[in-house]
Amino acid sequence: MTCVRLILGDQLDATHTWFSRPDADVVYVMMEMRQETDYVLHHAQKVIAFFAAMRRFAELLQMRGHRVRYLTIDDAQNRQRLDDNLNVVLSELGATRFQYQVADEYRLDAQLLDYARSAPVPVDRIESEHFFTHRGRVREIFGSTRRWRLEQFYRRMRIEHEILTDADGRPTGGRWNFDAANRKPWRGDPPEPPDARPSHDHQTLWSTIQGGGIATFGSPHAERFRWPLDREESLKVLSQFVEHSLRYFGDFQDAMHSRAPRLFHSQLSFALNTKMIHPREVVSAALDALRAGQAPLNAVEGFVRQILGWREFVRGVYWAQMPAYAENNFFEHRRPLPHWFWNGETHMQCLHTCITQSLDQAYAHHIQRLMIIGNFALIAGLDPGEVHRWYLGIYIDAVEWVEMPNTLGLSQFADGGLLASKPYVAASAYIHRMSDYCSRCAYKRAELTGPRACPFNSLYWSFLSQNRRRLGGNPRLALAYKLMGAWSSERLQSIEGQADRIRNHLDDL
Ligand code: FAD
Ligand code: SF4
């Protein structure tokens, strides 16, 4: 009797009940595959990180006495597709049973369900044990209502999991939300803590990836590779974050600075999304810091909201809405990405900084993703499908269940407001308030029209003007529409003219 158990590249959870004790009748199978490297163009660091973490996980299992069959990307037996490889491995090992953990991406879930229907042996589908709640929970709560809101879901999660609530289910500190306190710009004080991530030499792995002809973009930095690649390293990054950054996380959550790419963010998303650490232990560490007086409530609540709230919420939205969600394009935007999305070469300092940083580090924090890159993509009218594929490729943490609702829903409003209460758009005033980018920009932030005027300004007003029918009734945009209502038609025409010229020459910005 041999049971073959599949471990996908984002299922590196050493604490899963599967691994509680070795069993001579069980063989764990892991595969590096072209089907996974090629479904979108990935950042070089993303490919290295997944393969390196998978290899480390396989070693760890073997050290603990488990049997492992690992197919490297250059293994002669590797058929490079999941179903083909499974057929080979099941037959080679004389398997009598096949088990897999529920896949988090729709693409892989469908492929595995399909495989199970005609598999040569009986198949079991096992829970991954990773999340706070099950993937149908968001649908259960919102059902057929038109507006699915994080706040409602998050409060339910807080009460159900007894996190930051008192015995009566009221929020700790009397409020559910400290967002208003969490919008400070950062001007250099307190200093950004040193980068606490480990460093690895993965030049050999990078040569193998290149040798196999896998197309990537962005800097590999293989000789000094900075992402945590196993549970122990991930826990160290977590404890360093709690010690040095968490206390400032709330205050500077929305701040951006050209000299401080991380600021007080945790950089735990890769560790979380590969399941090397559990969201429950990350939340527990933050709650311990609150109890110990190491971090204030606005910081801890802000951080918990990202993990217990946003992360679980977007997963539920994804599973309730797929596969149709991928096709959403509420504003019918069709423009291709300008070339500088792939090299950062634009004179707009904010976009130059955020895209160059993303290409160099496979990382940008939330506000850079949402309010600089995503904001521009939306007001410039870029095709949300292309924007989605770019985000899915470039970030180290990009797996579709979390990336797609963030990109199409939160950032591009392509679902028409199912997930977000308004489009996240802003002109230069916001970017100037929250960053130092404008002070070093070739464009003039205070100008609306003219050759050196900041492109965000006319694009922002033109976007609102052109979508008055769709957005005019949104109370969160009432002030902007009221302001615009007082403008002369000449002023509006000149803004539209400027925005048109910009949209028609995006490559030149
Ligand atoms: P921190 O700011 O330290 O936050 C802590 C943790 O909270 C993160 O590690 C992450 O697990 C979770 N989190 C924070 N915000 C969100 C959110 N909006 N949705 C879900 N989880 C969240 N996150 C991904 O993990 N993968 C993606 O592919 C991804 N794509 C995004 C695309 C766009 C357009 C936007 C606007 C956001 C995206 N996010 C994505 C959410 C968020 O930007 C990243 O999780 C965060 O920047 C990761 O950095 P960090 O670990 O330093 O996060
Ligand atoms: Fe960005 Fe405009 Fe500021 Fe330049 S002036 S950094 S383009 S917001």
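The values are calculated or read from the model by the stated rules, or taken from the named source; none is laboratory data. Since the model is a prediction, treat every value here as computed from it, not as a measurement. FYI the Cβ positions are ideal-geometry reconstructions off the backbone, even for glycines, and counts take in every protein chain you see. Side chains included, ligands, DNA and RNA excluded: accessible areas come from the protein's heavy atoms. Shrake-Rupley method; radii C 1.70, N 1.55, O 1.52, S 1.80 Å.
Seen through its C-alpha gyration tensor, with square-root eigenvalues sorted a ≥ b ≥ c, region 20-96 comes out oblate because a/c lies at 1.5 or above while a/b is not bigger than b/c. The amide H of Ser128, built 1.01 Å from its N in the peptide plane, has Val102 as neighbours under 5 Å, considering only residues 5 or more places off or on other chains. Using only side-chain charges placed at the Cβ, +1 for Lys and Arg and -1 for Asp and Glu, the dipole size of region 272-399 relative to its Cα centre rounds to 220 debye.
Relative to the longest principal axis of the C-alpha atoms of the chain, give the angle of the C-alpha long axis of helix 489-504, reported between 0 and 90° and rounded to the nearest 10°. With both axes taken from Cα atoms, the answer is about 40 degrees.
In summary, the chain shows an alpha-carbon radius of gyration equal to 1.01 times the 2.2 N^0.38 Å reference for compact globular proteins.
Of the peptides 299-306, 417-424, the ranking by mean beta-carbon count within 10 Å, highest at the top, reads 299-306, 417-424.
Residues whose amide H lies under 5 Å from that of Gln99, counting only those 5 or more places away or on a different chain, are Val4, Arg5, Leu6, Asp124; hydrogens are built 1.01 Å from N in the peptide plane. Between Leu418, Gly374, Ser458, the Cα set farthest toward the positive side of the dipole of region 360-509 (charges on each charged residue's Cβ, about the Cα centre) is that of Ser458. Measuring nothing but protein heavy atoms, the accessible surface of the chain at 1.4 Å probe radius is 49 percent carbon and sulfur. Cross-linked pairs Lys46/Lys236; Lys46/Lys275; Lys184/Lys482; Lys236/Lys275; Lys422/Lys482: Cα-Cα separations exceed 24 Å for Lys184/Lys482. The residues of region 236-302 expose on average 31 square angstrom of accessible surface per residue, using a 1.4 Å probe on protein heavy atoms. In region 202-304, taking the dipole from charged Cβ atoms about the Cα centre, the farthest positive-side position among Ile209, Gln253, Leu238 is held by Ile209. Within region 88-141, the ratio Rg/Rh, alpha carbon atoms throughout and Rh by Kirkwood, equals 1.07.
Heavy atoms of the protein chains alone define the surface here; on that basis region 1-82 has 40 Å² accessible area per residue at 1.4 Å probe size.
Please state, rounded to one decimal and in Å, the Kirkwood hydrodynamic radius that region 383-476 gives when every pair of distinct Cα atoms enters the mean of 1/r. Every distinct Cα pair counted, the radius reaches 15.1 Å.
With Cα atoms defining each centre, region 268-318 and region 15-32 are spaced 28 Å apart in the structure.
Between the residues His134, Leu164, Gln77, the greatest Cα displacement towards the positive end of the dipole of region 71-221, with unit charges on the Cβ of Lys, Arg, Asp and Glu, is found for Leu164. Could you state the number of Å between the C-alpha centres of region 197-241 and region 461-487? One Cα centre to the other: 45 Å.
Summarised in one figure, the compactness ratio Rg/Rh of region 306-408, Cα atoms and Kirkwood Rh, is 0.96. A helix-only calculation puts the chain at -12000 deg cm²/dmol for mean residue ellipticity at 222 nm, using -39500 (n - 2.57) for each DSSP H run of at least four residues, averaged over all residues.
Hydrodynamic radius of region 216-357 by the Kirkwood approach over all distinct alpha-carbon pairs: 17.8 Å.
Within the shell defined by Cβ-Cβ distances under 14 Å, the residues around Arg445 carry a net charge of +2, with Lys and Arg each +1 and Asp and Glu each -1. Over region 124-214, the ratio between the Cα radius of gyration and 2.2 N^0.38 Å evaluates to 1.79. Residue-normalised convex hull volume from the C-alpha trace of region 9-150: 150 Å³ per residue.
Each of Arg34 and Ala167 was given a label point 7 Å from its Cα along the Cα-to-Cβ line. The distance between the two points is 6.4 nm. Axis angle, to the nearest 10 degrees, between helix 349-361 and the longest C-alpha principal axis of the chain: 10 degrees. The shape of region 162-237 can be summarised by an equivalent ellipsoid whose semi-axes, obtained from the alpha carbon gyration tensor, come to 41, 19, 14 Å from longest to shortest.
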